[in-house]
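Down below is the structure, laid out as structure tokens.
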Amino acid sequence: MTGPTSTPIFPIPTITSMVLDGKECEITGTNLSSKQTVYFGVTSLETEWRSVTQLNCKIPNEDGHSLFEQSVIKADGSKIVVPVTIVRDDGVLYKTSFNCHYTKTTDGKTLFEVNEKEN
């Protein structure tokens with residue numbers, strides 16, 4: 001969908017903190033809703049709405065990541081950085097102040113780390 005949306009884009013959701021715990025991510029912020037999905041780069045996360053200040057997300061296994069991200073995660077241990085975005089169910093994208101870092105370990109596992117972008 002392109003062009004004007006049928007509903008206002010406000011209020012704009014924000015993320016104030018992200019905590020990774022194994023295969024889950026707890027997001028705290030403002031103006032969060034059940035009509036939003038969190039993305040790490042181009043990979044959507046299974047997103048569960050808890051309240052206007054909290055979302056919980058499941059981190060997909062490697063098979064759940066886009067072919068693009070699978071192809072750029074380097075085997076040499078270097079980090080790949082992708083933006084964390086919130087996408088409303090009608091396609092409106094909201095950028096956040098967070099990034100996700102993918103790192104491939106020597107045994108082939110992918111590690112995830114999230115942090116706030118540096119200014």
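Taken together, the values in this text are just the output of simple stated rules run on the coordinates, not laboratory data. Just so it is clear, the model here is predicted, and its values are computed rather than measured. Here the Cβ is made from the backbone with ideal geometry for all residues, glycine too, and neighbour counts use every protein chain on show.
Would you list, by chain and number, the lysines whose Cα falls below 30 Å from the Cα of K79, excluding same-chain residues fewer than 8 positions away?
Candidates past the 8-residue exclusion: K23, K58, K95, K104, K109, K117.
Per-residue HN-Hα couplings for the stretch 88-98, Karplus 6.51 cos²θ - 1.76 cosθ + 1.60 at θ = phi - 60°, whole Hz, x for Gly and Pro?
For the stretch 88-98, the Karplus-derived couplings read 6, 5, 9, x, 5, 9, 10, 6, 10, 8, 10 Hz, x marking Gly and Pro.
If Lys and Arg each add +1 and Asp and Glu each add -1, what is the summed charge of the other residues whose beta carbon sits under 9 Å from the beta carbon of C57?
The answer is -3.
Just grab the label-to-label distance for W49 and I9, each label 7 Å out from Cα along the Cβ direction, in nm (one decimal).
About 2.0 nm, to one decimal.
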